[in-house]
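**Q** Supplied in structure tokens, the structure appears directly below.
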Amino acid sequence: MVKLTKEQIQFFKDNGYIKVSGLFTEQEMDVVSKEYDRLFFLKNNPGMEAAWLGSAMSKATDNQEYSVHSIHNLQYHSAVFSHLLHHPNLLDTLEGVMGTEDILLHHTKAHFKPPKVGAPYLMHQDYHYFPFKKDSMVAAFIHIDKADPENGGLCIYPGSHKLGPLEDFGSIEKGDAYHYMNPADYPVEKATPVYAERGDVVIFSYLTLHGSYRNLSDRPRRMFLIQLMAADDEPLADVHKSLGQGWVLRGKNDKKKATMAERFLH
């Protein structure tokens, strides 16, 4: 059992994120890494390109080539990632951060930043993709590789979750396909870099401003991300429906109502 200290929980409350080490063994990470590479090799196709588009990204990359490959809902591709969702050390940590044992899955995804051309992500809040009433939503960012600013690691504005939802600067009309904050107000360069070893997990609120650097190094940057919410929370908009959304990973969901179809299945 992994139990966060009062100091760690307070750090999360103050800063909107926390980095935790030692949740997984080296052997577990070997299995995850091998299966991760197998999936990305097997599924390789043009539809996996997930780099942001638009004028702001062109400016951030100096109009140079950039790329990020992505797979969503990995628990539907491999049992390795299904097991990872239920890892007791991870759920113990999430319970401490979220302040509840009733934890539901929202979605999962993996991003692979290739060497030399790995794209950055502008500073943004996940809130704009899927707003919730009680703002219980957090992300668990699992590092498959050692990460730092050189290979496209994560960066954060500590304490930014206290600002609440910020103005969404992304605009489809301008050619942007994603939500992000005004780069003039929140540049990636002024964010706090997160240095992480393989297996480290960064948990952050969906209100915390976060982004990542370009990968211009010779190393890849692989990550697996799990987005979760408390069972007593509810969405403010009917958006971002993902496979398996609402799975109870720990505890219970007493707000879930049985439907007639579910009754007739038994």
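The values are calculated or read from the model by the stated rules, or taken from the named source; none is laboratory data. Here the structure is a predicted model, which is why all the values come from computation and not from measurement. Positions of Cβ are backbone-derived with ideal geometry, glycine not excepted, and every protein chain shown enters the neighbour counts.
**Q** Go through segment 47-74 and count every residue that is under 15 Å from the mean Cα position of the chain (by Cα) and either modelled with pLDDT under 75 or more than 21 Å from R219 (Cβ to Cβ) (or both).
**A** Within segment 47-74, residues that are under 15 Å from the mean Cα position of the chain (by Cα) and either modelled with pLDDT under 75 or more than 21 Å from R219 (Cβ to Cβ) (or both) number 3.
**Q** On to the next question. Does T25 count as surrounded by 13 or more Cβ atoms within 10 Å (Cβ to Cβ), among the polar types (S, T, N, Q) and at pLDDT 95 or above?
**A** no
**Q** A follow-up question, please. List every residue pair whose Cβ atoms lie under 9 Å apart, where the two residues are 6 or more positions apart in sequence or sit on different chains, the first residue falls within segment 29-52 and is under 22 Å from E65 (Cβ atoms), and the second residue, located anywhere, is of a type in the set (D, E, K, R) and crowded, with 17+ Cβ neighbours inside 10 Å.
**A** Close Cβ pairs satisfying both conditions: F40/R222; A50/K109; W52/D176.
**Q** Go through the residues of segment 97-110 one by one and say whether even a single one is among the charged types (D, E, K, R), closer than 30 Å to K6 by Cα and part of a helix (DSSP H, G or I).
**A** no
**Q** Another question, if that's okay. How many residues, within segment 126-149, are in contact with a strand residue (DSSP E or B) (Cβ under 8 Å, 6 or more places away or on another chain) and closer than 29 Å to N63 by Cα? Don't jump to the end; show me each part of the working.
**A** Narrowing segment 126-149 to residues in contact with a strand residue (DSSP E or B) (Cβ under 8 Å, 6 or more places away or on another chain): 126, 130-149.
Imposing the further condition that a residue be closer than 29 Å to N63 by Cα reduces the set to 126, 141, 143-149.
Adding up the residues that qualify gives 9.
**Q** Is one or more of the residues making up segment 179-199 out of contact with any Pro (no Cβ under 8 Å at 6 or more places or on another chain), assigned to a strand (DSSP E or B), among the β-branched types (V, I, T) and at pLDDT 95 or above?
**A** no
**Q** Looking at this structure, is F204 under 20 Å from A147 (Cβ atoms), crowded, with 24+ Cβ neighbours inside 10 Å and in contact (Cβ under 8 Å) with a residue 40 or more places away in the chain?
**A** yes
**Q** Going through segment 59-96 one residue at a time, which ones are within 28 Å of K6 (Cα to Cα) and touching a Ser or Thr at 6+ places or on another chain (Cβ under 8 Å)?
**A** L85
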